[in-house]
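Colleague: Have a look at the structure that comes next, please.
Derivation of every value follows stated rules applied to the coordinates shown; laboratory data play no part. Source: prediction; values computed, not measured. Backbone-built Cβ (ideal geometry, glycine too); neighbour counts: all protein chains shown.
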Amino acid sequence: MKVVGFVGSPRKGGNTDILVGHALKGAVDAGAKRTVVHLNDLAFRDCQGCGYCKKAGECRLNDGMDDIYPLVQECDGIILGTPIYFGMPTGTAKSFIDRWYAFLNADFSSRILPGKKAALILPQGDANPDVYAPMAAHLSATMEFFGLRVAAPLIVPGLLEPGEVEDDSAMMDRAYALGRWLVSE
C-alpha cells in the first residue's frame with residue numbers, strides 16, 4: 001500500500017502540514033508506505049483548458065506536475081490537506097485539482113486507476129465547523145467524480161496560530177484515524 005499526502009499550505013510546520021503528517025503516520029502504522037508532497041514547492045502552471053490531454057492522454061505543459069501524475073496513479077490512498085483561505089482551498093491546492101483535468105478521457109470518464117481512497121483535511125480559522133461545509137462537500141464530490149472513495153472531510157475549525165492543532169488531541173486522533181482508514185479494506 002502506498003499513500004501520498006499533498007499539502008496545499010505554503011506554511012511548512014503549520015497546522016495543515018502537521019495534520020497531514022499525522023494522517024500519514026496512521027497510514028504507515030497500518031502498513032503503508034508514504035510520500036509527502038508540498039504543493040508550494042512545485043513549479044506548475046494552471047490548467048490551460050487546451051484539451052490536449054483529451055487527445056494525447058497526457059498534459060502538454062511539462063512542468064512540476066509531470067512527477068505528480070504517476071504518484072496519483074501508483075498510490076492506493078491520497079490525502080489532500082489545504083487550509084481554507086477566504087472560504088476556499090488555497091490557490092495552489094485549487095490549481096493542483098484543476099490539473100487533474102488531464103486524468104479525464106474525452107468522454108469525461110476518469111483515467112485514474114480504480115480502487116483508490118481519498119481523505120480531505122481542511123483546517124480553518126473560523127470557529128464554526130459548518131461555515132464552509134459546502135466547499136468541503138464540493139471537494140469531496142470532485143474526488144468522487146474521479147472515482148475515488150472519499151472519507152468524510154476532516155474540518156478543523158478555529159485554528160489561527162501555526163502549530164496550535166497539536167494541542168487538540170481529538171483532531172490529531174481523527175487525522176491519525178483517517179490515515180489508517182486509507183489502508184483498511
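Colleague: Note down the magnitude of the dipole of the chain about its Cα centre, charges +1 on Lys and Arg C-beta and -1 on Asp and Glu C-beta and zero elsewhere, to the nearest 20 debye.
Modeller: That gives a dipole near 640 debye.
Colleague: Given a 10 angstrom Cα cut-off, can you work out which residue in Asp63, Asp167, Asp41 is the most mobile in a GNM of the chain?
Modeller: Asp167
Colleague: If I histogram all Cα-Cα distances within the chain using bins 10 Å wide from 0, what percent of pairs lands in each bin?
Modeller: Spelled out per bin, shortest first, that is 10, 39, 37, 13, 1.
Colleague: A further question follows. Tell me which aspartates and glutamates have Cα within less than 14 Å of Lys117's Cα, excluding those fewer than 8 residues away on the same chain?
Modeller: Glu74, Asp76, Glu144, Glu185
Colleague: Please give every one of the lysines within straight-line cross-link reach of Lys116, meaning a C-alpha to C-alpha distance under 23 Å, and leave out same-chain neighbours fewer than 8 residues apart.
Modeller: Lys2, Lys25, Lys33, Lys54, Lys94
Colleague: Roughly what angle does helix 169-183 make with the longest principal axis of the chain, taking Cα atoms, 0 to 90 degrees, to the nearest 10?
Modeller: Helix 169-183 sits roughly 30 degrees off the main axis of the chain.
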